[in-house]
2 protein chains.
Amino acid sequence: MGRRIAPLLLTAALLGSASTAAQPLDERYRDVAGQIFGAALTDEEGWEKLRYLTTHIGHRLSGSTGLERAIEWAVESMREEGLENVRAQPVTVTHWVRGEESLELHAPVRRRLAMLGLGNSVGTPPEGITAPVLVARSFDELEGLGREKVEGRIVLYAVPWTGYGGTVVYRALGASRAAALGARAALVRSATGRSLSTPHTGSLRYEEGTPRIPAAAVTVEDAEWLAALAEDGVEIEVTLRMGAHFLPDATSANVIAEIRGSERPEEVVVIGGHYDSWDVGQGAHDDGGPCIAAWHALTLLQRLELRPRRTLRVVLWTNEENGLAGAEAYHASVAGEIERHVAAVEMDMGIERPVGFGFGLAGIDPESGDPRYETGYARLLEIARLFAPLEADRIRRGGGGADIGPLMRSGVPGLSLDTVGEHYFDWHHSHADTLDKVEPRDFRKAVALFAVMGYVLADMEERLAPVEPSPLNP
Amino acid sequence: MGRRIAPLLLTAALLGSASTAAQPLDERYRDVAGQIFGAALTDEEGWEKLRYLTTHIGHRLSGSTGLERAIEWAVESMREEGLENVRAQPVTVTHWVRGEESLELHAPVRRRLAMLGLGNSVGTPPEGITAPVLVARSFDELEGLGREKVEGRIVLYAVPWTGYGGTVVYRALGASRAAALGARAALVRSATGRSLSTPHTGSLRYEEGTPRIPAAAVTVEDAEWLAALAEDGVEIEVTLRMGAHFLPDATSANVIAEIRGSERPEEVVVIGGHYDSWDVGQGAHDDGGPCIAAWHALTLLQRLELRPRRTLRVVLWTNEENGLAGAEAYHASVAGEIERHVAAVEMDMGIERPVGFGFGLAGIDPESGDPRYETGYARLLEIARLFAPLEADRIRRGGGGADIGPLMRSGVPGLSLDTVGEHYFDWHHSHADTLDKVEPRDFRKAVALFAVMGYVLADMEERLAPVEPSPLNP
């Protein structure tokens, strides 16, 4: 029924009546969305930017020349494209380097095992750490064995994959939990559901008061093999060598560019991802693809001369992987005017086929029926109808991201650009996170979604959610 | 309708009328199949054998101590189980060893690339071969470039996956085709459709009259990356180091065991797979799982005291991967009595979920309607009805295998135990071909299928196909 009157309203819109608050958002923005979809789905240049980043720059760990080059290239390219207020916002970041590393099995057979040291890990002495291996399937099992069994050993956590959340705690905390019982080093089964003999790195976090011992990821294959040997009573001994260490903190930057708002330029919608990556693969899914998609969304809007009422800003945050200094620096830079942030959209679960957006408001349970949440949710459902032709019209209750976390905690409504998430953790933090894993059509859809969602949130009369962001918000 | 009278016939069978030629094979063997399925699907010991082979012995390249240990263990275990005529049939095999190997990228950046030398490759000088890389997407492209462009270079075949058949030719023949144009070494994109930074080895074949140059597989990721760099005009230089060489031929063996036939013991049905593997991973899918499944089929039949009229023989062939000497030696040993081989069943495409069998007769197009083929095919369809509850009742037109090839060329009807074949080439010839990739339920189904098919072919009155095997058969 609403559909029947749409042509009339559309005509009204074309005649210059730019918006009608009573009119659903999808009807108000259908022609704009059509322009953007047409441009995004036939675009070649966004993909070329991603191809350049992954092929010619590659991975981009905080402090690395790769990340520096990526930042310089983005700033320069954004300026050439004519984006506004392009700048590199300086951020001091940690500078961890992997160094040379290896894991040698000595018993029951001699073999070099595939491995990746964990980010933030300390190194070993140059001669390595040689010790018998104790296999545990959980923290409970390890702690049940106690100090007598653990002391002097290298603990291998052979923890079955139960999804990222349930498994990653062993990567994050395993070293300290083992060290608390006297272990000399820790090995973790890579946090992934599918392996083709592929180690996955990622950061660990040392607990205060326990010795800092080196830690590395091994492949699912080797973890299962060693666990089976141990189950059969076979003695296992390895030498772990890691040259990992910290260099002095480095200067990095968040890359920022805008399309300035036509009516309320001081109000801002932020879209983006994190520009840094681990020091393996190309950071194609994590998080290069999403960064380029957000950036290119602005590029297309600028080419189409679509200038929203509010400012639409892309931020490519630095140092998400091992510090979050970029997210904190950005937040600090806007903390005095946080109420001007209308919404923040982040994409950081790879760039597989987009399915829609997640939506979160800090301090509000999205299932609670809270009217502040429901108002925003209803508006997003209206906008999402525009995405039905791309099969990307799902609005999930709950959403956010590490880089927009500080903004959200200050009350800014947060969205995540969601994908089908089928293979992300197969590639995540590994040598396999490379351009050949990205489908160009998925990338183009993400550009389209970033552009339309960003444009509508920045242009619509009302703010997305009636929460007033403030530095004091929970 | 046929179903309606089955209980009567079954009763007749139970009363001692062992078979009725007019009765469909599935009706004749339904109770036997039920016994076998019940035993196979609840069995733990077959899996334990596979677990032992993969965990405690591991990979088994011809000439290696791994293969020797595997052969000794099988012969000993088969004897302990009470199988009959257990023997190790001596086979002289090639003894290729990989040695130390590496691939270092020097330009445009310095990086060590994942690689695996190809089986049968010659090595490099100790200092390696350092040369610029020339990327080709096909033989046509390479040969179009000609000697002027190829000479002195290392050729990288970055050939997209189009299935194993279309891709593996670059692994097999790429070195010689490049050498014919003056290349110093060859690199091939691994022959796989899915990669997580995983190189896949496999054998190459040098053509007579061209220099023998070393060759290695690189990952899909690196092949695509280097191809993209080359496309953009970036100069690429690598050093390939390979210690690959041949040792003097070694003595290996086919492992053979039987359940002797009760009425026509001189007539034989063979089931099996190849016991050797490449020198990476555990040879779990290729072809350890199928070998253990065939072996354990006999073990279960023997426990159930199900002795068919003809002899049912398991053969674990040696040296399939780099020579086929095991298949040839077995064939030679029975060549004088080839007509006594009623059928041969091989499983060598991994041990994912079984879906049925393929059926081939040498020299007969399975689609031609030839009555000799159709008679056998109709009998297999009858037998396959027994497999419907396991969703494994497909009889494919065409089938065979490398190890039963010589038998088939002498006229023996050949079957392959087919699987869904979804991920086999993800693991094939790589570090990822390990036990964690095998589903115990798939393995148990394969045991059940080997046992029922083997038993019925060996027990039924008629021979599977009315082709008389003979050494002179096409």
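The values are calculated or read from the model by the stated rules, or taken from the named source; none is laboratory data. The structure displayed is predicted, hence computed values, not measured ones. Note that each Cβ is placed from the backbone with ideal geometry, even for glycine, and that neighbours are counted across all protein chains shown. All accessible areas refer to the heavy atoms of the entire protein, side chains included, with ligands and DNA or RNA removed. Shrake-Rupley method; radii C 1.70, N 1.55, O 1.52, S 1.80 Å.
Worth pointing out:
- Taking residues in segment B:421-434 that are more than 7 Å from chain A (Cβ to nearest Cβ) and farther than 20 Å from B:Thr55 by Cα, and partners anywhere that are crowded, with 21+ Cβ neighbours inside 10 Å and of a type in the set (Val, Ile, Thr), the pairs with Cβ atoms closer than 7 Å and at least 6 places apart or on different chains are B:Phe425/B:Thr192.
- Residue selection: A:Trp73 fails the criterion of being under 29 Å from A:Trp295 (Cβ atoms), within 14 Å of chain B (Cβ to nearest Cβ) and modelled with pLDDT of 95 or more.
- Boolean, B:Thr192 is within 11 Å of chain A (Cβ to nearest Cβ) and among the polar types (S, T, N, Q): yes
- Residues of segment B:208-230 include none that is open to solvent by less than 30 Å² (accessible area, probe 1.4 Å), within 14 Å of chain A (Cβ to nearest Cβ) and within 18 Å of the chain's Cα centre (by Cα).
Yes/no matrix, rows are residues, columns are (1) touching a Phe, Trp or Tyr at 6+ places or on another chain (Cβ under 6 Å); (2) open to solvent by 20 Å² or more (accessible area, probe 1.4 Å); (3) of a type in the set (Phe, Trp, Tyr); (4) more than 30 Å from B:Gly261 (Cβ to Cβ):
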site: B:Phe37; (1), (2), (3), (4): no, yes, yes, no
site: B:Glu48; (1), (2), (3), (4): no, yes, no, no
site: B:His59; (1), (2), (3), (4): no, yes, no, yes
site: B:Trp73; (1), (2), (3), (4): no, yes, yes, no
site: B:Arg87; (1), (2), (3), (4): no, yes, no, no
site: B:Val97; (1), (2), (3), (4): no, yes, no, yes
site: B:Glu101; (1), (2), (3), (4): no, yes, no, yes
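- Considering the conditions (1) among the charged types (D, E, K, R); (2) within 14 Å of chain B (Cβ to nearest Cβ); (3) closer than 22 Å to A:Phe425 by Cα; (4) surrounded by fewer than 24 Cβ atoms within 10 Å (Cβ to Cβ), A:Arg205 is excluded by exactly one of them, (2).
- Residue within segment B:149-159 that is at negative phi, within 14 Å of another protein chain (Cβ to nearest Cβ), under 27 Å from the mean Cα position of the chain (by Cα) and open to solvent by less than 10 Å² (accessible area, probe 1.4 Å) present: yes
- Scoring A:Asp232 on the criteria (1) free of Cβ contacts under 8 Å to residues at least 60 places away in the same chain; (2) touching a strand residue (DSSP E or B) at 6+ places or on another chain (Cβ under 9 Å) leaves a single failure, condition (2).
- Residue count, segment A:98-112 (criterion: touching a Lys or Arg at 6+ places or on another chain (Cβ under 8 Å) and within 13 Å of chain B (Cβ to nearest Cβ)): 4
- Scanning segment B:231-273 for residues that are of a type in the set (Asp, Glu) and more than 14 Å from every other protein chain (Cβ to nearest Cβ), we see that the one that is farthest from the chain's Cα centre (by Cα) is B:Glu237.
- Selection count where residues are away from chain B (no Cβ under 14 Å) and part of a strand (DSSP E or B), scope segment A:113-148: 9
- Answer from B:Leu53, B:Leu113, B:Leu103 - the residue that is within 25 Å of the chain's Cα centre (by Cα) and at pLDDT 95 or above: B:Leu53
- Only one of the listed residues (B:Gly182, B:Gly174) is assigned to a loop (DSSP other than H, G, I, E, B) and more than 20 Å from the chain's Cα centre (by Cα). That residue is B:Gly182.
- Any hit, segment A:449-461, residues being surrounded by fewer than 23 Cβ atoms within 10 Å (Cβ to Cβ) and in contact (Cβ under 8 Å) with a residue 12 or more places away in the chain: yes
- Applying the condition of being closer than 18 Å to B:Leu298 by Cβ and of a type in the set (Gly, Ala, Ser) to segment B:30-70 and asking which residue is nearest to the other protein chains (Cβ to nearest Cβ) yields B:Ala70.
- Residue tally, condition in contact with a Gly (Cβ under 8 Å, 6 or more places away or on another chain) and more than 15 Å from A:Leu226 (Cβ to Cβ), over segment A:140-162: 5
- Residues of segment A:277-313 that are of a type outside the set (Lys, Arg), more than 26 Å from A:Ser430 (Cα to Cα) and in contact (Cβ under 8 Å) with a residue 60 or more places away in the chain: A:Ala297, A:Leu298, A:Thr299, A:Leu300, A:Leu301, A:Gln302, A:Leu304, A:Leu306, A:Pro308, A:Thr311, A:Leu312.
- Of the residues making up segment B:334-369, those that are more than 18 Å from the chain's Cα centre (by Cα) and either open to solvent by 60 Å² or more (accessible area, probe 1.4 Å) or of a type in the set (Lys, Arg) (or both) are B:Gly336, B:Glu337, B:Glu339, B:Arg340, B:Gly363, B:Asp365, B:Glu367, B:Ser368.
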